Amino acid sequence: MLLCLALLCALILAPLVMVPLALAGSATTDLTVKAAGTDAALPTVVGDWGYPLAGAYSTGRGFGYHPVKDCAICPANHFGYDMDQPCGAPIYAAGPGRVINAGPMPGWGNTVRIDHGGGVVTLYGHMQWDSLLVGVGQQVTAGTALGLEGSTGKSSGCHLHYEVQVRGVAIDPEPFMAALGLPLR
């Protein structure tokens, strides 16, 4: 019984460590570049991965149980990491992959999902309507502009809901990104 419990824990926790290390690769170059045709700086990129927002941001809800007071539409369990910049701030792909959703999704409103391979998918929720710059099937890299921060779906104000899923299960984005050299703050 104890052995089964240990194996179950290892199965659940392994993606938090192994997937980011596998995706990080050997490149560790840090760069900041300008978005094509704008004066907006792109997010910091380390290797093939980067932040989904450029510059400073404040944080809202983190991963796990965190009830929102006075919000009837907000669930008690939160499976992402909320990042706040002003409404309309650009949102960027965190890593290389293929867009698998670009449009309305229940709960998240206007949403982009990117398949990075190896069972890893990132989700960018609550984006402004009519702001998406990518379409299903499009290949992206870290720093590709996806759309603009908004408050669509089950949201109580402008922010980015950033979520990391491994084989269909949401995992905590903080250790995932930290293992890539990109600690969320």
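Summary table below
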| read-out | value |
| --- | --- |
| Unmet requirement for A145, which otherwise passes all of (1) open to solvent by less than 20 Å² (accessible area, probe 1.4 Å); (2) under 21 Å from V45 (Cα atoms); (3) among the small types (G, A, S) | (1) |
| Filter result for the condition that a residue is surrounded by fewer than 19 Cβ atoms within 10 Å (Cβ to Cβ), touching a residue at least 24 places away in the same chain (Cβ under 8 Å) and over 15 Å from the mean Cα position of the chain (by Cα), over S151, S155 | S151 |
| Of all residues making up segment 127-142, the number that are within 15 Å of the chain's Cα centre (by Cα), crowded, with 18+ Cβ neighbours inside 10 Å and not in a strand (DSSP E or B) | 1 |
| Filter result for G88 (crowded, with 21+ Cβ neighbours inside 10 Å and either at positive phi or small (G, A, S) (or both)) | no |
| Test: N101 is of a type outside the set (A, V, I, L, M), in a strand (DSSP E or B) and either surrounded by fewer than 18 Cβ atoms within 10 Å (Cβ to Cβ) or free of Cβ contacts under 8 Å to residues at least 12 places away in the same chain (or both) | yes |
| Any hit, segment 147-156, residues being within 18 Å of F79 (Cα to Cα) and modelled with pLDDT of 95 or more | no |
| Residues of segment 158-185 classified as of a type in the set (A, V, I, L, M) and surrounded by fewer than 17 Cβ atoms within 10 Å (Cβ to Cβ), total | 3 |
| Test: residue in segment 106-116 that is part of a strand (DSSP E or B), closer than 14 Å to Y92 by Cα and more than 15 Å from the chain's Cα centre (by Cα) | no |
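The values are calculated or read from the model by the stated rules, or taken from the named source; none is laboratory data. All figures in this text were calculated on a predicted structure; none of them were measured in a lab. Here the Cβ is made from the backbone with ideal geometry for all residues, glycine too, and neighbour counts use every protein chain on show. With ligands, DNA and RNA removed, areas are computed over all heavy atoms of the protein, side chains included. Shrake-Rupley method; radii C 1.70, N 1.55, O 1.52, S 1.80 Å.
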